[in-house]
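Right, one structure below, let's go through it.
FYI, it's all coordinate maths here, none of it is from the lab. Given the structure is predicted, the values throughout are model-derived calculations rather than measurements. Every residue, glycine as well, gets a Cβ built from its backbone with ideal geometry; the counts of neighbours run over all protein chains shown.
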Amino acid sequence: MFEKVTDSFLKVANETQLTPCLADLDGNGKPELLLGAASGKIYVYSNISDTSKMLSAQTDIIYNYDTKTFGSNTGANKNTTVAVASLDQDGKPDLLVGNLRGGLYFMGSKDNGQEMPLAVRPDILPQEKELKFAIYPNPAKQNITLQWENTTPQNVQVLLTDVTGKQIWSNTFFTNSGSASQEIQLPALANGLYFVRVSGSNGKVFSTRKLFIAR
């Protein structure tokens, strides 16, 4: 059962239709308050459990690659709602942002050396040379083959995790440009769903694929 404590916990100037979400963004064990708003912006408030402090919004959480600036504009038009989870298996919080028109934005965390990770607007990411890959067989019993389609020679890391994000296996391969394949002998795995993530030498995640083990 709940009862009202206050109806004036927080007010954001010149904003309406606030939608709250609580999440620990900086990993300190204390929740931050994220607010979506009618303007399409996202506001973040830290230390909300400390009622002795005046709450002040952090608005520079969205990185715009086009202007190389930080801000609160998600590019999601109006009436943003936000949810937080680590969706790409890197252990860092990502954002799912909904909006009035029914769109849903996925914003990945950006490792920027700051205490709190920033989100990256997906519609304005710079174009980078990609590495495409496929897994077969899938479902697999134990051994799998990764087939590469690479545009530039580089080292790539292959990481296998379970559904909880726990690392099961990893290795690094050098890939030339063009098509190639690599057979991989995995450790004995229980039946179920796993994730295979491929990232470049700079840490950029190219893609994550589902792998089913069925013995």
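Let me know the shape class of the range 1-43, please: from the alpha-carbon gyration tensor, a ≥ b ≥ c as square roots of the eigenvalues, rounded when a/c is under 1.5, otherwise prolate if a/b is greater than b/c, or oblate. Oblate.
Extending 7 Å from the Cα toward the beta-carbon at both Ser179 and Val12 defines two label points whose distance is 5.0 nm.
Sorting 169-176, 55-62 by average packing, meaning the other beta carbons within 10 Å per residue, from highest down gives 55-62, 169-176. Model label sites at Thr208 and Asn155, defined 7 Å from Cα along the beta-carbon direction, differ in position by 2.3 nm.
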